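As structure tokens, the structure follows; a few thoughts come after it.
Values quoted throughout were computed directly from the atomic coordinates according to the rules given, and no laboratory measurement underlies them. Model, not experiment: these values are computed from the prediction. As a convention, Cβ positions derive from the backbone with ideal geometry for all residues, glycine included, and neighbour counts pool all protein chains shown.
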Amino acid sequence: MAKAGQGALDEITASLTREKNRGLPPIEQWNPPFCGDIDMVIAADGTWFYQKSPIGRPALVRLFASVLRREGDRYVLVTPVEKVGVTVVDAPFLAVELVVGTGTERSLRFRTNVDDWVEAGPEHPLRFDPVGETGGLKPYLYVRRGLWAKVTRALYYDLVALGEEREIDGQRMFGVASRGAFFPMAPVEAVTDRA
């Protein structure tokens, strides 16, 4: 696979600066040619690296995050004129803050490490992936464009504390609800066996 260099990153930054507006760029409408991979990695802890150095400017990370999308198994940064591949170790974002809304219907609002606010619900589901043989779970929140945020361990414990039991397809499941949607974590018997 071709590797794009510093020039590609400079061009992306310049192009995005010209296109910058208050909302997310309409990258779904952009179909530029793929110009290769660049040496950019989003680590499992949510840190963005370029050429093995952390990107220290949060505004620059937010800018890159606004044009990140997933295409099959590949993650790409997209501008109107080019598209480059980046490496994502686990998930491109972290969910780092949780606000629980009260009222007739509970809502769970998450802030990501790039300052996006996402409310879990039918359009932004939570999923809980099993972790090997340990019986543990890794929680994720759908953000946009095929991109997920890994929920931090502290917030995961908050979700467990908010959990409830419901019957899903004839099986009692333990999970959490937001905006009228229920997100099962595990069968109730698996949870009680670990308690």
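Points worth noting:
- Inter-site label distance for residue 51 and residue 107 at 7 Å from Cα along Cβ, in nm: 4.4 nm
- For residue 148, residues with placed amide H under 5 Å, excluding near neighbours: 93, 143
- Rounded to the nearest 500, the helix-only mean residue ellipticity at 222 nm of the chain stands at -5500 deg cm²/dmol, with each DSSP H run of n ≥ 4 adding -39,500 (n - 2.57).
- Net length available on complete extension from residue 97 to residue 160 is 21.2 nm, with 0.36 nm assigned per residue and the Cα-Cα distance removed.
- In the chain, lysine pairs closer than 25 Å at Cα, eight or more apart or cross-chain: 7
- When the Cα atoms of region 93-194 are aligned to their principal axes, the ranges along those axes come out at 37, 35, 23 Å in descending order.
- Cβ-Cβ FRET estimate between residue 31 and residue 172, R0 fixed at 35 Å, reported to 0.05: 0.15
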